[in-house]
């Protein structure tokens with residue numbers, strides 16, 4: 001046992017397992033899951049507990065790039081030409097201002113604090129990049145919709161394109177000034193442009209292959225086609241040393257404009273990209289180096305502060321000059337703070353080309369990424385909630401069962417399976433059961449129809465039901481609030497003071513009385529999707545006494561059958 005070394009499959013299971021636990025805690029603490037996955041990776045990685053061998057993480061590299069490619073493909077699929085033109089009209093000025101402000105403030109800030117000019121210029125170029133995987137997956141996690149969400153996706157794409165161009169031409173300019181360029185500026189610039197155009201051409205070809213293939217292949221074969229195309233093109237990009245991020249963004253744009261099945265293609269990839277994204281952030285977290293954050297020193301702090309100011313001020317000033325909404329001015333910049341993949345990859349290229357120049361740049365990037373990847377998702381979540389672009393069900397914490405209730409449900413399912421009643425209780429058991437509704441009732445006062453928005457949210461977060469009776473002043477049931485339907489209600493702080501419980505009510509004709517047999521509850525649940533049904537008195541005003549849960553009815557009837565046998 002002293003020589004025990006965890007196999008790579010064990011590392012994979014460990015990362016996924018701890019991320020699963022981290023996701024639960026993220027819900028409890030109202031954190032984006034991306035942040036939780038990164039923190040878990042940092043915890044089990046070499047910086048802290050050192051439970052994950054770093055060489056195993058390096059072996060995952062092709063899978064991690066596949067995850068990034070799928071995220072960029074999904075992002076590209078959001079942009080039809082019509083949508084792109086509509087967003088571009090409002091966003092190109094925002095993008096240009098944000099890129100200029102970020103580059104300028106970071107470069108000048110570093111120069112003022114004594115950084116060499118070449119180092120300051122390249123860090124200014126890298127500061128423009130926004131982590132696409134982090135940003136887009138937080139947007140998907142919260143299922144956000146609205147102008148901030150749309151503009152964020154557009155700006156992320158523009159930032160990474162601009163970062164690649166600025167870095168390549170910036171590095172070329174520095175080489176020319178230092179006399180290290182092997183050929184003329186124009187020839188070197190031609191190589192850069194050729195690489196970028198070639199990357200985009202590959203994306204167009206890949207998109208056409210997917211659109212054509214999905215048009216005549218059975219949908220069961222789509223996933224194979226998608227993964228085959230993405231991995232093949234990823235290999236081509238790596239072999240040719242061209243920027244693969246552009247390839248897969250352009251591939252998504254191509255599919256969005258050439259396929260009738262764009263939505264189905266994205267849905268087909270969702271489960272795979274979701275799993276790969278968990279691994280991506282967990283593995284990425286293990287590579288974060290807390291010591292590098294400290295080692296970045298004063299220049300690292302200047303880089304971090306200047307980059308944050310550049311992105312926020314650039315958006316704010318441009319949005320104000322173009323008369324855009326206050327939400328865009330104040331909150332859009334905060335959605336662009338995350339930074340990781342592109343900046344790290346380009347800093348590595350800088351080290352390969354010029355170690356003397358690249359190593360201090362890489363140290364600052366690796367150090368600052370620790371902070372940006374943790375606070376970035378938090379700022380995105382805050383911005384989306386404040387601007388009302390997150391469905392209510394995504395903005396609050398709610399669980400349908402406690403751990404004890406889930407254990408009981410598993411036991412009940414096992415009993416039912418043993419008795420060949422896997423999905424239903426037989427009619428004889430239901431008919432002869434002596435259990436009454438009064439034996440199963442769970443006390444609740446319901447939600448007053450005049451309750452304000454905060455009180456409704458508090459009730460939902462402290463309840464383990466998915467259906468909540470709403471009562472009038474006489475405790476009569478006026479309807480129910482159904483948690484699943486809250487996914488269609490956008491969480492808007494500005495309107496929350498106006499919302500009352502009665503505004504969220506759905507009609508419900510299913511009610512029970514305390515002297516009803518459990519068979520009556522069983523019948524109602526057969527025709528209802530709600531997880532609980534209100535129990536009221538038979539006499540006016542038919543006051544709410546509590547609720548009966550579906551799981552309690554099934555548990556009682558299964559137990560009754562066992563006793564009869």
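Before moving on, here are some points about what is shown:
- Spans of helices (runs of 4 or more DSSP H) in the range 259-334 with at least 1 residues modelled with pLDDT of 85 or more: 262-287, 297-321, 326-331
- Residues of the range 321-340 classified as surrounded by fewer than 22 Cβ atoms within 10 Å (Cβ to Cβ) and in contact with a helix residue (DSSP H, G or I) (Cβ under 6 Å, 6 or more places away or on another chain), total: 2
- Residue 172, sole failed condition from (1) under 26 Å from the mean Cα position of the chain (by Cα); (2) crowded, with 16+ Cβ neighbours inside 10 Å: (1)
- Residue 213 vs. criteria loosely packed, with under 15 Cβ neighbours inside 10 Å, in the same structural domain as residue 62 (by TED's automatic domain parsing), more than 24 Å from the chain's Cα centre (by Cα) and farther than 14 Å from residue 73 by Cβ: no
- From the list 365, 396, 361, 385, the lone residue that is at pLDDT below 85 and in contact with a helix residue (DSSP H, G or I) (Cβ under 9 Å, 6 or more places away or on another chain) is 396.
- Of residues in the range 508-546 being within 17 Å of residue 449 (Cα to Cα) and modelled with pLDDT of 85 or more, the one surrounded by the fewest Cβ atoms within 10 Å (Cβ to Cβ): 543
- The single condition among (1) in contact (Cβ under 8 Å) with a residue 60 or more places away in the chain; (2) more than 16 Å from the chain's Cα centre (by Cα); (3) closer than 15 Å to residue 280 by Cα that residue 14 does not satisfy is (1).
- When each of 17, 23 is tested for being out of contact with any helix residue (DSSP H, G or I) (no Cβ under 9 Å at 6 or more places or on another chain), surrounded by 12 or more Cβ atoms within 10 Å (Cβ to Cβ) and assigned to a helix (DSSP H, G or I), the lone residue that passes is 17.
- Residue match in the range 149-166 (condition: over 20 Å from residue 266 (Cβ atoms), in a helix (DSSP H, G or I) and without any contact (Cβ under 8 Å) to a residue 60 or more places away in the chain): yes
- Residue 38 being in the same structural domain as residue 283 (by TED's automatic domain parsing), out of contact with any strand residue (DSSP E or B) (no Cβ under 8 Å at 6 or more places or on another chain) and surrounded by fewer than 21 Cβ atoms within 10 Å (Cβ to Cβ): no
- Residue 146 being more than 30 Å from residue 36 (Cα to Cα), modelled with pLDDT under 90 and assigned by TED's automatic domain parsing to the domain that holds residue 350: no
- Output for the range 239-249, where each listed residue is assigned to a helix (DSSP H, G or I) and over 30 Å from residue 36 (Cα atoms): 239, 240
The values are calculated or read from the model by the stated rules, or taken from the named source; none is laboratory data. What you see is a predicted model, and the numbers here were worked out from it, not measured in a lab. Here the Cβ is made from the backbone with ideal geometry for all residues, glycine too, and neighbour counts use every protein chain on show.
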